[in-house]
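Visitor: Pasting in a structure now, in structure tokens, and then I'll have a few things to ask.
Please treat every number below as a calculation from the coordinates, not as lab data. It should be emphasised that the depicted structure is a prediction, and the values quoted were computed from it without experimental measurement. In this analysis, Cβ positions are derived from the backbone assuming ideal geometry, glycine residues included, and neighbour counts consider all displayed protein chains.
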Amino acid sequence: MEATIIKIGNSKGLRLSKTILEKYNIKDKVELILEKGHIILKPITIPRKNWEKEFKKMNDNGDDKLLMNDVFEDENLEEWI
């Protein structure tokens, strides 16, 4: 695919089509990766996006129980004092 570099004020930029923005889920920012003579644009995703909603759903379903004890029976807590 060929794209034209355009003038934006005193700078220059690259215009991406709506189709590309939607297909690659590009919102406001991209990560610019410079690698072996190539420029790679990578969408920036928000880490842990929607976790709060998913944790709430787990709690509602009773799926948020510990899988193992946080303190083992043979653990010596005195050594940490």
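Visitor: Among Asn10, Pro47, Ile26, pick out the residue whose Cα is farthest towards the positive end of the charge dipole of region 1-60, where Lys and Arg carry +1 and Asp and Glu carry -1 on C-beta, about the Cα centre.
Guide: Asn10
Visitor: Another one. Looking at the chain as a GNM with Cα springs under 10 Å, which of Glu52, Glu35, Glu22 has the largest mean-square fluctuation?
Guide: Glu35
Visitor: Report, please, the projected area of the chain averaged over directions, based on the convex hull of its C-alpha atoms, in nm². Kindly include the intermediate steps, with their values, before the conclusion.
Guide: On the way: hull surface 52.5 nm².
With the hull built on Cα positions only, its mean projection is 13.1 nm².
Visitor: Could you state the angle between the C-alpha long axis of helix 51-61 and the longest principal axis of the C-alpha atoms of the chain, as a value from 0 to 90 degrees rounded to the nearest 10?
Guide: Approximately 40 degrees, to the nearest 10.
Visitor: As a quick test, which of the pairs Lys27/Lys53; Lys29/Lys57; Lys42/Lys65 have an alpha carbon distance above 27 angstrom in this structure? Before the final figure, lay out the partial values.
Guide: On the way: Lys27/Lys53 21 Å; Lys29/Lys57 30 Å; Lys42/Lys65 36 Å.
Violating the 27 Å Cα-Cα cut-off are Lys29/Lys57; Lys42/Lys65.
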